[in-house]
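S.K.: Starting off with a structure, shown below.
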Amino acid sequence: QVQLVESGGGLVQPGGSLRLSCTASGSSLSAYTVAWYRQAPGKQRDLVATITTGGTTNYADSAKGRFTISRDNAKNTVYLQMNSLKPSDSTVYFCNAARTTFRGIDQYWGQGTQVTVSS
């Protein structure tokens, strides 16, 4: 069982930066593929970035070149560094952890953290 808590959201001006954190408790996050999603009110939840247990990363087109996902296994935390932020990045960001076991797929979500990009 994994409990995920996102933090680091807030208000930032266009062109600014934020670093979101996804910290796990209850189990080691190192065994999970972790993804960041975002969801605006009334919209579907969209994938932003993923990082595997081996550190392989993938990004949505909207995030490439601006966002970086990374993990610190010693801190049981996955980060999303967001640079060159735009107003269109404003939404709630969610952390997801998933793994496959002999029992099936285990998947967990955090509660989300709000990012607002505005002048």
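The values are calculated or read from the model by the stated rules, or taken from the named source; none is laboratory data. Bear in mind the structure is a predicted one, so any value in this text is a computation, not a measurement. Note: ideal-geometry Cβ built from the backbone for every residue, glycine included; neighbour counts use all protein chains shown. The accessibility values were calculated without ligands, DNA or RNA, using every heavy atom of the protein model including side chains. Shrake-Rupley method; radii C 1.70, N 1.55, O 1.52, S 1.80 Å.
S.K.: With the requirement that a residue be open to solvent by 50 Å² or more (accessible area, probe 1.4 Å), assigned to a strand (DSSP E or B) and touching a residue at least 40 places away in the same chain (Cβ under 8 Å), what does the range 88-115 give you? Before you say what the answer is, go through the steps one by one.
M.R.: So in the range 88-115, the residues open to solvent by 50 Å² or more (accessible area, probe 1.4 Å) come out as 88, 99-100, 102-103, 105, 107, 109, 111, 114.
The next check asks that each one be assigned to a strand (DSSP E or B); those that pass are 99-100, 105, 107, 109, 114.
Scanning the range 88-115 gives Arg99, Trp109, Gln114.
S.K.: Of these, Arg66, Arg103, which one is at pLDDT 95 or above, basic (Lys, Arg) and more than 11 Å from the chain's Cα centre (by Cα)? Break it down stepwise before answering.
M.R.: On the way: Arg103 fails: at pLDDT 95 or above.
Among Arg66, Arg103, only Arg66 is at pLDDT 95 or above, basic (Lys, Arg) and more than 11 Å from the chain's Cα centre (by Cα).
S.K.: Can you find, within the range 1-56, the residue that is most open to solvent (accessible area, probe 1.4 Å) among those that are in contact with a Leu (Cβ under 6 Å, 6 or more places away or on another chain) and assigned to a loop (DSSP other than H, G, I, E, B)?
M.R.: Taking the candidates together, the pick is Gly8.
S.K.: Sort through Leu85, Leu4 and tell me the only one that's under 23 Å from Ser119 (Cβ atoms) and in contact (Cβ under 8 Å) with a residue 24 or more places away in the chain. I'd like the intermediate steps shown before the answer.
M.R.: Numbers: Leu4 fails: under 23 Å from Ser119 (Cβ atoms).
Only one candidate passes the filter, namely Leu85.
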